[in-house]
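Novice: Let me begin by handing over the structure; questions about it come next.
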Amino acid sequence: MSRLIVTALAVITGIFALMFSLVIAIPLAFIALIQGKRFNDQLKRNSFNHRQHASHDVIEGEYEEVIHEKASHN
């Protein structure tokens, strides 16, 4: 009798997990499709501006030289 109850609970839990995953996955897939299209449109619009600035070879900012010293091993 206890095996039957455990089996029924396992089946109910499995069905609940599958339904919950579908409830979550389907809206997320639609959102991803919409955002993917927006992202591609933004890339197409901004690629022209990016090419104009691509001729610069220097990244401006501060730097500090790193000097490697040999550590003495005793």
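The values are calculated or read from the model by the stated rules, or taken from the named source; none is laboratory data. This one's a predicted model, so the numbers in the text were calculated from it and none came from an experiment. All Cβ positions, glycine included, derive from the backbone under ideal geometry; neighbour counts span all protein chains shown.
Novice: Please go through the stretch 40-74 and give me each residue that is loosely packed, with under 10 Cβ neighbours inside 10 Å, at pLDDT 80 or above and in a helix (DSSP H, G or I), ordered by number.
Specialist: Residues satisfying the conditions are K44, R45.
Novice: Failed condition for I5, given (1) among the hydrophobic types (A, V, I, L, M, F, W, C); (2) surrounded by 10 or more Cβ atoms within 10 Å (Cβ to Cβ); (3) at pLDDT 95 or above, with all others met?
Specialist: (2)
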